[in-house]
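The values are calculated or read from the model by the stated rules, or taken from the named source; none is laboratory data. The model shown is predicted, which means the values in this text are computed figures rather than measured ones. Every residue, glycine as well, gets a Cβ built from its backbone with ideal geometry; the counts of neighbours run over all protein chains shown. Please note that ligands, DNA and RNA were not included when accessible areas were found on the heavy atoms of the full protein model with its side chains. Shrake-Rupley method; radii C 1.70, N 1.55, O 1.52, S 1.80 Å.
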Amino acid sequence: MEALKGIRVLDMTHVQAGPTCSQLLAWMGADVIKFEPPHGDATRGQLRDVPNADSLYFTMLNCNKRSITVNMKSAEGKQVFVDLVKKCDIVMENFGPGVLDRLGFTWEKIHEINPKIVMGSIKGFGSSGPYADFKAYENVAQAMGGAMSTTGLPDGPPFVTGAQIGDSGTGLHLAIGLLAALHQANRTGQGQYVEVAMMDGVMNLCRVKFRDHQRLARQALSEYSVPTYQGMGDVPRAGNDSGGGQLGNAIHCKPHGANDWLYIVVQEAVWEALANRIGPEIGMPGLATDPKFHTIGERRKNQPLMWTLINKFAEKYTKREFMEILNPINVPCGPIMSTEDLATDEHVKGREMWVELDHPQRGKWWNVGMPIKLSASPARIERSPTLGEHTDEVLRSVLGYDEARIASMKQAGAFSNPPKTPKKAA
């Protein structure tokens, strides 16, 4: 049995943050009804790679959902929305500030329609505070949540991360909040409003940087390879430093291409074995007992030299060969995996994290799989819906509308944009 079977979600979200959340809920068995305007989610046509087909941007974030198109500017469309709110456990939105309010559906109104419903809302900066009306974007959230200031090389510009921590990270936070609120609603009979701001989510994912920010008030950070000092304030950019109690960095391997790197962590417990293995090949048989590296404190002080020596050893090996050397001596390490590496990796496919699907418009394509593995209810991944594919089905099976009513509402424009009237000649 699917974990969320019987839970119905009215998903008004679009682009990435909200659909990330609702797709996870759908993969866990919730009936997610994607409630779209007649022109559809904007990402259906963004970055399109197959003519007249939904883009990968859309298909990769909207699997296992049913699509219904509704014109919320019509009275009939608003009635469909009201009827669906009565039948759903969760309603989700990530519109700009005030959009739903202007349509006449504040949280208070939605709660009045269905007191048990849980409402999830994603905003760039939340609904309160001086930033509440600012527009957000993935990289804007990374900038304002603390991620960019701490990412990059010490003397270079701040960098965004390839992981979508502003959008998809916020969606993950919302999923947790919705499930918690749903659990409470099942106990009390009362739903609640769940809000996640993108900026807040990024801050939460930068927690260790705020740890170091407070440590800097009292001491230098000895694990950083760049200089730090008590009271310096800003946590510095430190390249590929691990930033934790153990030293870590990316080591360039042969043939020294863009992704020929192995990330290794030099734990205190493995230093002797590591030094004994690499020392003789780089002309330093006594490396393990060299006073510059013998203790963790000395290795921290002499990090640049330590990494130089390890890089010298790595010149003879590919990243996979170096990993095969380090694994038997228990040195934590992992090759830098490119998107091509991951798309062809046996481990990834075995974990069902790269899944092939078929779509009526675009044919065969691949999606990232479900990262949460439930032993009694494994995810079954199905393709994304075409625009409005399930409109009639939802109206009949969920709302109980008969064919005459559906036809009448279609005639009234409840599910489509009104035809454009030609401009009169001057």
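Label positions at M337 and Q361, each projected 7 Å from the Cα along the C-beta direction, are separated by 3.0 nm. Pairs exceeding 26 Å between alpha-carbon atoms, taken from K319/K373; K65/K373; K87/K410; K5/K135; K319/K349: K319/K373; K5/K135. Only protein atoms count toward the accessible area here, which uses a 1.4 Å probe; on the chain, the carbon and sulfur part of that area reaches 54 percent. When all alpha carbon pairs of region 187-336 are counted in 10 Å bins from zero, the resulting P(r) reads 10, 33, 28, 16, 7, 4, 1, 0 %.
At full extension, D234 and R300 could sit 21.7 nm farther apart than now, given 0.36 nm per residue minus the alpha carbon distance. The convex hull built on the alpha-carbon positions of region 68-135 has an orientation-averaged projected area of 4.9 nm².
Over all other residues within a Cβ to Cβ distance under 15 Å of V50, the charged ones net out to +2, with Lys and Arg as +1 and Asp and Glu as -1.
If you sort H111, H359, H213, H183 by accessible surface, 1.4 Å probe, largest first, the order is H183, H213, H111, H359.
Considering only S22, F210, L274, and ranking their Cα positions along the charge dipole of the chain that arises from unit charges at the beta-carbon of Lys, Arg, Asp and Glu, the one farthest toward the positive end is S22.
For the pair I282 and S222 in one chain, pulling the backbone fully straight at 0.36 nm per residue adds 18.9 nm over the alpha carbon distance. When only the Cβ of Lys, Arg, Asp and Glu is charged (+1, +1, -1, -1), the dipole of the chain relative to its Cα centre reaches about 700 debye.
Against the empirical 2.2 N^0.38 Å (N residues), region 120-246 has a Cα radius of gyration ratio of 1.25. Each listed q (0.20 Å⁻¹) maps to a log10 I(q)/I(0) for region 344-398 from the Debye sum over equal C-alpha point scatterers, namely -0.86. In the context of the full set of protein chains, residues of region 1-121 present 37 Å² of accessible surface per residue (probe radius 1.4 Å, heavy atoms only).
When each of the peptides 174-180, 65-71 is scored by how many other beta carbons lie within 10 Å of its residues on average, the order from highest to lowest is 65-71, 174-180. Ligands, DNA and RNA are left out, and with a 1.4 angstrom probe the accessible area of region 288-426 is 62 Å² per residue. Name the most mobile residue of D212, D167, D345, meaning the one with the largest mean-square fluctuation, in a Gaussian network model of the chain with Cα contacts below 10 Å. Answer for the Gaussian network model of the chain: D345. Along the Cα-to-C-beta direction of K373, a point sits 7 Å from the Cα; which residues of region 322-355 have their amide N less than 12 Å from that point? So the set is 347-353.
Full extension of the chain segment joining K87 with N186 gains 34.1 nm, where the gain is 0.36 nm per residue of separation less the Cα-Cα distance. Take the Kirkwood radius over Cα pairs of the chain, plug it into Stokes-Einstein at 25 °C and 0.890 mPa s, and you get 98 µm²/s for translational diffusion. Each Lys or Arg adds one and each Asp or Glu takes one away; over the other residues whose Cβ falls under 13 Å from the Cβ of L357, this sums to -1.
The listed peptides 388-394, 158-164, ordered by packing as a protection proxy, come out as 388-394, 158-164 (highest mean of other Cβ atoms within 10 Å first).
The residues packed around L103, meaning those with a beta-carbon under 11 Å from its beta-carbon, carry a net charge of +2 if Lys and Arg are +1 and Asp and Glu are -1. With the biggest extent put first, the Cα atoms of region 189-259 measure 60, 39, 18 Å across the principal axes.
Roughly what percent of Cα-Cα pairs across region 279-379 reach past 22 Å? Of all Cα-Cα distances in region 279-379, 54 percent exceed 22 Å. Pick from T13, T344, T151: which is most flexible by mean-square fluctuation in a GNM of the chain where alpha carbon atoms under 10 Å apart are linked? With Cα springs under 10 Å in the chain, the top fluctuation among T13, T344, T151 is at T344. Residues of region 296-325 with backbone nitrogen within less than 11 Å of a virtual label 7 Å along the Cα-to-Cβ line of E268, please, listed as ranges. It comes to 296-298, nothing else.
Using the 2.2 N^0.38 Å rule of thumb for compact globular proteins, work out how region 1-144 stacks up: its C-alpha Rg over that value, please. After normalising by residue count via 2.2 N^0.38 Å, the value is 1.07.
On the basis of the beta-carbon distance and an R0 of 35 Å, E108 and I176 show a calculated FRET efficiency of 0.90.
So what is the calculated 222 nm ellipticity per residue for the chain, using -39500 (n - 2.57) for each DSSP H run with n of 4 or more, over all residues, to the nearest 500 deg cm²/dmol? That comes out to -9500 deg cm²/dmol.
Here's the picture: charge each Lys and Arg Cβ at +1 and each Asp and Glu Cβ at -1 in the chain, and of F125, M409, T339 the one pushed furthest to the positive end of that dipole is M409.
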